[in-house]
Structures are given as C-alpha cells and as structure tokens.
Amino acid sequence: MVNRRDFLKTAVASLAADALPLRALGAEGPSIGLQLYTVRKQAQSALPSVLARIRQIGYEEVETYWNLYKHPAPELLKMIGDAGLRVPSGHFDYEKVEQSFDYAHQLGLQYMVCPMLPKTMQNRSLDDFKRAAQQFNKWGEKAKQAGMRFAFHNHNYEFQRFGEQTGYDVLLSETDPKLVWFELDCYWLTQAGGAPVEMIHRLGSRVKLLHIKDRLPGVATSQKLGKPAEHFTEVGTGTLDFKAIAEAARAVGVEHYFVEQDTIIRPVYESLQTSYEGARRLLSE
C-alpha cells in the first residue's frame, strides 16, 4: 500500500514534471520569479505542493523569506529544486543578517537581501540611514567573502525627505558600489512618488533585482508604511508601465524579476496566474 507521505511525494513530483514543458528554462525573455512571502499562509503547512503549483503556473525562480528558514537549508533547497525551481536570492531580517551567512551559502543564494530597516530606524533621521549604510558595507564584504552579494530592498519610507536628502540618497551615496547592491521594488517607489525608470537608470549596474507588483489607479502617494499605502493589484492590471521598466532594466543588466503581492484579495493561485501572464507579456515585449 502507498502511504500518505509517498502519495504526496508522487503528486508533487508529477505536478513539477507537468509544469516544466510550459516554458523551458533559458527560453527567450527574462525568467519570472515569485517572492514566496506572497504565499506565506499556504507555505506554512504545504510548502512542497505550493512550490509545485508555482512552477506549474510558469514561474522559474523563487525568492525566500524569513519564515521558511525554519527548514534546514539543504532541506529547503531540495524542496525548491524538486519542484523544478531555482532560488537565486533570499530576504533576511536586518536583525538576523549577521547570523545568516552560512545558511544563505548552504541554500546556494547569489544574493542576500535585507528587506527593510527596523522600525526604529525608518523615519527618524538621516543618521539612522548612515548607520545602516555602514552596516551594509560590512555585510557586503562578508557576503563577498562567502561568494555571494548583499542587496537592500526598498519600501516607501526611505524616500521621505530630511532637508535636501532622502534616506535612500544616503544609502546610495554611503555604500560601496562594489559591495552593496539594490533590489528595486517598483510598487513601493511609485507609492512614494518616485519613477521606477528614472531610478533604474540612476542605480545603473547596482540594481540587479526587481520586485514587480502593480498599483491601483487614483490613489495618493505616501512615504509611510501602513494600510493607507497598500494599493496592490496583479501585474498588468494597474498603472505601472512595465514595458518601460523592462526596457530600462535590460539596459542596466537587471538579472532577476520577482512578482510579489503583499496582500491578495482574489483566490491566491488565480492571482499568481494573472500576475505571471502579465509579467511574461509586459517584460518580454
């Protein structure tokens, strides 16, 4: 008799195998990945089947986040690989970066990404951003020694002005371009009142990863986190010009594109399908 565990293994493997012909790895157009925070509720109890479903939709890469690190790195890497997916980058909380280099290396990551500053450092002063920049340089050196790269992912709070400068200005100017890279979240930059294409060109070769999620029309910009700043929608159904973003990204050598939606109203996999199809269409043209 086949027990439940063996049945699930077979089912997951079958889903992953069925998914592979949808788009061969390395085909024309950029690989479309998914930040797994998008499916955080589903991943808590059924990660292998969630990964298989993601691959079946067409996603080729995933970006990990903190709650998944309860799994030993080799185990998590195997689950991702068994689903036919790659894992080039992962998010690590600011407070836990220092202790996570070995784990990230075991997971085979190219990029260790800090997703945000602690709340106590987000909107207080430029000095907080200067301290963060100094820390990023240290982590960038450690990542380099481990054969990886360190990157920072923005939200909207970094673009609040302190006189003539924003916090993001400081992070750019006071980090070493050879040690610190950037994952640009196009939604959060737009929510802050910025322009993704302009920022991509400003970052140049330092932006290696993009978060792509769309934004509802007719909503106000803001530089503070919270519900009033959350106007998410599926890629291709909102107001961001992803064709122009893709053109700029190609020009500077962006390597990875991750769909992410912090909050989803529609059925989850239906939403992921819509965003994948939108991203595939808009980023490949």
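Every read-out reported here was derived from the displayed coordinates using simple, explicitly stated rules and does not represent laboratory data. Keep in mind that what you see is a predicted model, and the values were worked out from it rather than measured. All Cβ positions, glycine included, derive from the backbone under ideal geometry; neighbour counts span all protein chains shown.
Below is a table of values for the structure above.
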read-out	value
Rg(Cα)/(2.2 N^0.38 Å) for the chain, N = residue count	0.99
Shape box of the range 155-252 [Cα atoms, principal axes, largest first, Å]	37, 33, 18
Too-long pairs where the Cα-Cα distance tops 18 Å, listed order kept, from K41/K70; K119/K142; K70/K227	K119/K142; K70/K227
Dipole-positive endmost among F258, S275, L203 within the range 183-285 (Cβ charges, Cα centre)	L203
Cα-based Rg and Dmax for the range 78-159, where Dmax is the largest Cα-Cα distance (Å)	14.0, 46
Bridge type composition, the range 178-276 - antiparallel percent by DSSP, nearest 5	20
Residues S49, S271 arranged by fewest to most Cβ contacts within 10 Å	S49, S271
Net length gained if the chain between K224 and H105 were fully extended (0.36 nm per residue, minus Cα distance)	39.5 nm
The chain, dipole about Cα centre (Lys/Arg Cβ +1, Asp/Glu Cβ -1), debye to the nearest 20	480
The chain - share of DSSP beta bridges that are antiparallel (%, nearest 5)	10
Sequence-separation-based contact order of the range 82-145, relative, with Cα cut under 8 Å and 6+ spacing, percent	33
Cβ-based exposure ranking for W139, W188, W66, in which fewest neighbours within 10 Å come first	W66, W139, W188
Relative contact order (%) - criterion: Cα under 8 Å, at least six apart; region: the chain	17
Sparse-neighbourhood loop sites, GluC sites (Glu not before Pro) in the range 40-138 - DSSP loop, at most 14 other Cβ within 10 angstrom	E98
Amide H contacts of Q160 (H built 1.01 Å from N, under 5 Å, at least 5 apart or other chain)	G167
T175, T120 arranged by Cβ crowding within 10 Å, fewest neighbours leading	T120, T175
FRET efficiency, H201 to Y269 (Cβ-Cβ, R0 41 Å, nearest 0.05)	0.70
Difference of contour (0.36 nm per residue) and Cα-Cα distance, K119 to R161	13.4 nm
